[in-house]
Structure formats: C-alpha cells, structure tokens
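Visitor: Once you've had a glance at the structure underneath, I'll fire off some questions.
The values are calculated or read from the model by the stated rules, or taken from the named source; none is laboratory data. Being a predicted model, the structure only gives us computed values, none of them experimental. Just the protein is used for accessible areas: all its heavy atoms, side chains included, with ligands, DNA and RNA removed. Shrake-Rupley method; radii C 1.70, N 1.55, O 1.52, S 1.80 Å.
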Amino acid sequence: MVGPDGTVYYHHSWTPAPPSTFYAWRETGSEFITRWQHPCAFAPFALFAANAGGLVYTVQEGPMLTALDSSTGAIRALEPQPLAHGQTRFAVDADGRLFVNDTASPTCQLHIAP
C-alpha cells in the first residue's frame, strides 16, 4: 500500500518465527530505503491502513489495534480490546475515520476511531 505521503508500507508475515514485521519505505526512483519498521502480528494478508493525518494502523501481537506515527513508526495509540489474528480488516474514509471489522468476533464488531 502507498500512504497519502508516498510512503510504501509492507506487512511481512512469518510463521512460526521470526516475528512478523511492518515496514515503511521511501521510494527514490531506483531503490527502496527503509524509513522504519515495527513488529506486528502474523496474518496471511496485509493488516494496515493509513490516513492523511499521519497515522498508520496495523495489528501488533496481543493482538492489538495499533496506531503508528507515519513519520517515525512510534506507537501513538493502542486499542485495549484484543483482535483476532488474521481476521481484521481496515478502511479509512475521506474524513480520516478508521473502520475496523474483526470478522472472528462473535458479533463481528465495527470500531470507528476519529
């Protein structure tokens, strides 16, 4: 996925080891340069979304919804409610609101973050 600022994001999953990693890269035209990387939860598909306000959302071990600073990769917020590994889907609307669907939940909960 490419974020609003042009950062290329990549979720690399490993099972059982080493731990999975979420990468942010800057593309120069001839190479990709790592801006930062952050541990994340294993999933058989990409688990992330970005908004124009400088946040990137992913799932880290726990598993917990995590908001990362798109410039530094620092954790800006954690969702205390655990999410299912490999069952979480994200979407960000034009107003920057995050929609999270945890399809493994018995109630298929939808979280909306401002």
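Visitor: Could you please give the count of residues in the stretch 6-24 that are open to solvent by 90 Å² or more (accessible area, probe 1.4 Å) and modelled with pLDDT of 85 or more? I'd like the intermediate steps shown before the answer.
Guide: First pass over the stretch 6-24, keeping only residues open to solvent by 90 Å² or more (accessible area, probe 1.4 Å): 10, 14-16, 19.
In the following step, the residues that additionally are modelled with pLDDT of 85 or more were identified as 10.
Number satisfying all stated conditions: 1.
Visitor: Still on this structure, I have one more. Just give me the residues in the stretch 83-114 being open to solvent by 70 Å² or more (accessible area, probe 1.4 Å), in a strand (DSSP E or B) and modelled with pLDDT of 65 or more, in sequence order.
Guide: Of everything in the stretch 83-114, just one residue is open to solvent by 70 Å² or more (accessible area, probe 1.4 Å), in a strand (DSSP E or B) and modelled with pLDDT of 65 or more, namely ARG89.
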